[in-house]
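Notes for the one structure printed next.
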């Protein structure tokens with residue numbers, strides 16, 4: 001299968017690349033790491049003005065009604081810029097949950113706000129260490145409201161509402177709920193992570209008011225569907241970041257001299273850069289497959305999403321690690337920017353499930369496909 005972005009989509013890429021070069025330098029990322037803010041609010045405002053938060057939201061809900069291919073392009077450039085924003089939580093996860101399972105009233109209430117960037121959404125599924133399952137859920141909902149704790153919740157400290165996965169009152173599986181996070185029965189505490197430019201929080205619910213999202217007992221199926229779709233977008237973001245790591249390493253190797261020659265002329269460094277390039281290129285081919293499956297809602301989406309996700313995790317970590325090694329001892333210092341893609345690679349590798357989780361999903365998706 002031959003696949004490439006269209007001329008219009010590549011023009012969007014050029015626009016996004018130029019915009020982020022102007023407004024999202026590594027200094028912006030460093031300011032978040034050095035400061036107290038959870039994300040760059042000025043950059044968020046400008047991204048919203050560009051219409052990126054409204055990309056795939058239908059026009060009837062004040063969105064742009066564009067395809068997921070455009071969103072993949074935007075995701076890659078945000079990843080390349082290492083943008084310190086709650087974009088993935090609000091757009092890849094919360095918006096997708098509403099598009100997939102929201103009632104007409106819920107969509108009318110929340111989608112225009114998400115499109116305009118006036119609210120930020122997040123997804124709350126995890127409950128501490130280990131992989132959460134329908135049987136392990138302790139957060140539950142009944143007539144008195146939603147009760148329990150979620151940790152870690154990406155962008156949970158800055159979000160206005162959350163899609164929460166909780167055990168059903170009937171005891172039959174899991175359901176998804178829309179929860180306003182600004183009510184008094186919700187408390188939030190920011191938690192430290194390896195990458196402070198993507199904030200996380202612990203959220204406690206004590207009888208919080210919640211609306212059922214979708215059908216009762218179908219929350220786990222909804223979560224898996226959201227994760228499959230989001231995995232493609234995360235993979236594009238990761239491949240953008242891995243290309244930034246390669247570019248950092250290449251520029252340093254070309255400008256750093258040892259024994260009168262650029263270190264890029266030495267075989268050991270050449271091999272590092274070549275291996276980074278090969279892994280990035282292979283991952284990008286898997287991301288193209290994922291983008292096609294996502295944009296067409298193809299039956300192969302679970303396989304394509306898992307393939308892209310596993311490859312992107314591996315390529316991003318490898319590139320960010322080799323970038324530090326190429327810089328030598330200075331690569332480990334706070335003053336150098338090598339830490340930014342490394343931090344982001346580690347964080348994104350577990351945001352919607354770790355590499356082993358997605359390897360297992362890939363195996364099961366292939367088995368299911370063969371059985372069919």
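Total residues in the stretch 262-287 satisfying the condition of being within 22 Å of residue 344 (Cβ to Cβ) and touching a residue at least 40 places away in the same chain (Cβ under 8 Å): the figure is 10. Regarding residue 108, is this residue under 22 Å from residue 160 (Cα atoms) and either free of Cβ contacts under 8 Å to residues at least 60 places away in the same chain or in a loop (DSSP other than H, G, I, E, B) (or both)? The answer is yes for residue 108.
Against the test of being in contact with a helix residue (DSSP H, G or I) (Cβ under 9 Å, 6 or more places away or on another chain) and farther than 24 Å from residue 193 by Cβ, the options 17, 11, 33, 43 yield a single qualifying residue, 17. Among the residues of the stretch 44-86, those that are surrounded by fewer than 21 Cβ atoms within 10 Å (Cβ to Cβ), within 20 Å of residue 24 (Cα to Cα) and either without any contact (Cβ under 8 Å) to a residue 40 or more places away in the chain or over 16 Å from the mean Cα position of the chain (by Cα) (or both) comprise 45, 46, 48, 49, 50, 51. Count of the stretch 141-173 residues, restricted to those that are at pLDDT 95 or above and more than 24 Å from residue 348 (Cα to Cα), is 3.
In this structure, is residue 151 surrounded by 20 or more Cβ atoms within 10 Å (Cβ to Cβ), in contact (Cβ under 8 Å) with a residue 40 or more places away in the chain and either closer than 30 Å to residue 10 by Cβ or touching a strand residue (DSSP E or B) at 6+ places or on another chain (Cβ under 6 Å) (or both)? The answer is no for residue 151.
The values are calculated or read from the model by the stated rules, or taken from the named source; none is laboratory data. Predicted model only: the values in this text are computed from it and were never measured. Please note: Cβ atoms are built from the backbone with ideal geometry, for glycine as well, and neighbour counts cover all protein chains shown.
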